[in-house]
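Please find one structure pasted underneath; my questions will follow.
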Amino acid sequence: MAGASEGLGAAFATALAARGLNLLLLARRTSPLEGIAEQLRAGNGVDVRTESFDLGREDLPAALESLTSGLDAGLIVYNAAYAPVGDLLTREVDDLQRVVDVNVRGPLVFARLLAPRMVARGRGGMVIMSSLAGNQGAPRIATYAASKAFNTVLGESLWHELRPHGVDVVVSCAGAIRTPGYATTAGRDAPGTLDAKDVAEATLKALGHGPVVVPGMINRVARFVLGRVLPRRAAIEIFARSTKELS
Ligand SMILES: NC(=O)c1ccc[n+]([C@@H]2O[C@H](COP(=O)([O-])OP(=O)(O)OC[C@H]3O[C@@H](n4cnc5c(N)ncnc54)[C@H](OP(=O)(O)O)[C@@H]3O)[C@@H](O)[C@H]2O)c1
């Protein structure tokens, strides 16, 4: 589980532990990670290992190899993301590159290094968290939105490539989710906002029915209207109205 210390990542960890899976939970902050792990061990009798791990680190491939050597990874959930808010001109280059490191390079490296083990076993799964923001231009979160477009297309492609090997891939294109991260940037719920628990459950249920799941009816309608009905310019304009509120 990449990005498991709070919010949706914690909800995924809880849902997976309830299904009896042993877990390796990754995030930067040790204390919330260990708190979640304690609860899951006690409540479900599963093994839960935690590791303070920066997914944006430069040596990600080597560090991931070393962390997971000898591990029989049956399911990867790449949940972590970095989502700075502000017009491109107001953000430092290093900060924007970090979005690419965590949101783009991260899932790519996880897939490339861990999928071969699942292919060798003839079964496995991968969940990649994406967002409705990745379906059209999203002013003020441009780099994040572009990284989510990458997540969607990466997941869809891997769904097709890995399916013949028994490995299910699903991309979850979520709308707003009640998480600490969302609360900090949005301040109040957008239409269709879902609880993290519901998004985690809908996403895990969609494994095997990929390539894409959009949790929540309002979000499915929004994706259809913005992506298929409206001209591209209008879709960007509407999305810009919602991202104008973010801070
Ligand atoms: N929340 C929403 O409204 C929403 C909407 C659409 C899509 N999504 C997607 O859903 C996913 C989760 O969203 P969220 O709101 O739960 O995010 P979040 O609150 O920001 O939490 C993300 C998790 O990832 C970890 N993380 C972040 N950067 C990391 C790094 N460099 N290295 C290791 N771990 C890192 C965080 O833990 P540490 O801080 O301890 O490292 C945390 O556990 C993301 O992929 C996001 O794009 C969210």
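If you check Arg105, Arg98, Arg140, which single one turns out to be modelled with pLDDT of 95 or more, within 21 Å of Leu162 (Cα to Cα) and surrounded by fewer than 23 Cβ atoms within 10 Å (Cβ to Cβ)?
Arg105 is the lone residue from the list that is modelled with pLDDT of 95 or more, within 21 Å of Leu162 (Cα to Cα) and surrounded by fewer than 23 Cβ atoms within 10 Å (Cβ to Cβ).
Please count how many residues of the range 79-135 are near the ligand (Cβ under 9 Å from one of its atoms), touching a Pro at 6+ places or on another chain (Cβ under 9 Å) and of a type outside the set (A, V, I, L, M, F, W, C).
1
I would also like to ask the following. Quick one: in the range 156-201, of everything that is open to solvent by less than 40 Å² (accessible area, probe 1.4 Å) and more than 12 Å from the ligand (Cβ to nearest atom), which residue is farthest from Gly137 (Cα to Cα)?
Looking at residues that are open to solvent by less than 40 Å² (accessible area, probe 1.4 Å) and more than 12 Å from the ligand (Cβ to nearest atom), I get Gly166.
So is Arg223 within 12 Å of the ligand (Cβ to nearest atom), under 22 Å from Tyr82 (Cβ atoms) and surrounded by fewer than 22 Cβ atoms within 10 Å (Cβ to Cβ) or not?
No.
Find all pairs meeting these conditions: Cβ atoms under 8 angstrom apart; at least six residues apart or on different chains; first residue within the range 49-67 and free of Cβ contacts under 8 Å to residues at least 60 places away in the same chain; second residue aromatic (Phe, Trp, Tyr) and part of a helix (DSSP H, G or I).
Leu64/Phe110
Right, here's the next one. So which residues in the range 12-30 are near the ligand (Cβ under 9 Å from one of its atoms) and open to solvent by 20 Å² or more (accessible area, probe 1.4 Å), if there are any at all?
Those that are near the ligand (Cβ under 9 Å from one of its atoms) and open to solvent by 20 Å² or more (accessible area, probe 1.4 Å): Arg28, Arg29, Thr30.
Identify, from the list Ile76, Ile36, the residue that is under 22 Å from Ser172 (Cβ atoms), assigned to a helix (DSSP H, G or I) and within 15 Å of the ligand (Cβ to nearest atom).
The unique qualifying residue is Ile36.
What about Phe150, is it open to solvent by 20 Å² or more (accessible area, probe 1.4 Å) and aromatic (Phe, Trp, Tyr)?
yes
How many residues does the range 123-133 contain that are closer than 15 Å to Pro211 by Cα and surrounded by fewer than 22 Cβ atoms within 10 Å (Cβ to Cβ)?
Summing the residues that are closer than 15 Å to Pro211 by Cα and surrounded by fewer than 22 Cβ atoms within 10 Å (Cβ to Cβ) in the range 123-133 gives 1.
Would you pick out the residues in the range 8-48 that are polar (S, T, N, Q) and in contact (Cβ under 8 Å) with a residue 60 or more places away in the chain?
Thr14
The values are calculated or read from the model by the stated rules, or taken from the named source; none is laboratory data. Here the structure is a predicted model, which means the values were calculated and not measured. So basically every Cβ, Gly included, is an ideal-geometry build from the backbone, and we count neighbours across all protein chains shown. Heavy atoms of the whole protein, side chains included, go into the accessibility calculation; ligands, DNA and RNA do not. Shrake-Rupley method; radii C 1.70, N 1.55, O 1.52, S 1.80 Å.
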